[in-house]
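To keep things clear, I will list the structure first and then write my remarks on it.
The values are calculated or read from the model by the stated rules, or taken from the named source; none is laboratory data. Just so it is clear, the structure is predicted and the values come from calculations on it, not from any experiment. Methodologically, a virtual Cβ is constructed for each residue, glycine included, from the backbone with ideal geometry; neighbour enumeration extends over all protein chains shown. The accessibility values were calculated without ligands, DNA or RNA, using every heavy atom of the protein model including side chains. Shrake-Rupley method; radii C 1.70, N 1.55, O 1.52, S 1.80 Å.
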Amino acid sequence: QVQLVESGGGLVQAGGSLRLSCAASGRTFSSYTMGWFRQAPGKERDFLAGITWSGGTTYYADSVKGRFTMSRDNAQNTVYLQMNSLKPEDTAVYYCAATSYVGPLRQSRFFNYWGQGTQVTVSS
């Protein structure tokens, strides 16, 4: 019922910033908790950030806390991930996801809608 499309990935130098966007096609977007995940080559998909349906609660993985900020604009059916102070180890494919379960949720198995991913590469 919900389709997600990420954008905003690309190549950035270490210490730089990047903002990812995730556009949702479903008109019930505001009913879903949204999350950002990433998967580096040869590694598992890891949770990065989440935001509840109301937009009033955000939560983050320790690895990105203080550097990444998630937000949502329900009127535009879009969520964002502002990434600052990027490091080479942040290089990965970044995924947007949604769940109809009530949050805050961190496990990927609870997110039943996924975007196709966008590549983020951080160079030294």
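Listed values, structure above:
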| read-out | value |
| --- | --- |
| Unmet requirement for residue 38, which otherwise passes all of (1) assigned to a loop (DSSP other than H, G, I, E, B); (2) closer than 17 Å to residue 107 by Cα | (1) |
| Qualifying positions in region 86-105 - part of a loop (DSSP other than H, G, I, E, B) and at pLDDT 95 or above | 86, 87, 91 |
| Subset of region 29-43 that is among the hydrophobic types (A, V, I, L, M, F, W, C) and crowded, with 22+ Cβ neighbours inside 10 Å - its residue that is modelled with the lowest pLDDT | 29 |
| Condition check for residue 18: at pLDDT 95 or above, open to solvent by 60 Å² or more (accessible area, probe 1.4 Å) and either under 11 Å from residue 96 (Cα atoms) or in contact with a strand residue (DSSP E or B) (Cβ under 9 Å, 6 or more places away or on another chain) (or both) | no |
| Residues of region 48-85 satisfying the condition of being out of contact with any helix residue (DSSP H, G or I) (no Cβ under 7 Å at 6 or more places or on another chain), in a helix (DSSP H, G or I) and either modelled with pLDDT of 95 or more or not aliphatic (A, V, I, L, M) (or both) | 76 |
| Residues that are in a strand (DSSP E or B) and either farther than 14 Å from residue 47 by Cα or at pLDDT below 95 (or both), drawn from region 106-124 | 113, 118, 119, 120, 121, 122, 123 |
| Residues of region 44-84 satisfying the condition of being in contact (Cβ under 8 Å) with a residue 24 or more places away in the chain, open to solvent by 30 Å² or more (accessible area, probe 1.4 Å) and farther than 24 Å from residue 3 by Cβ | 57, 84 |
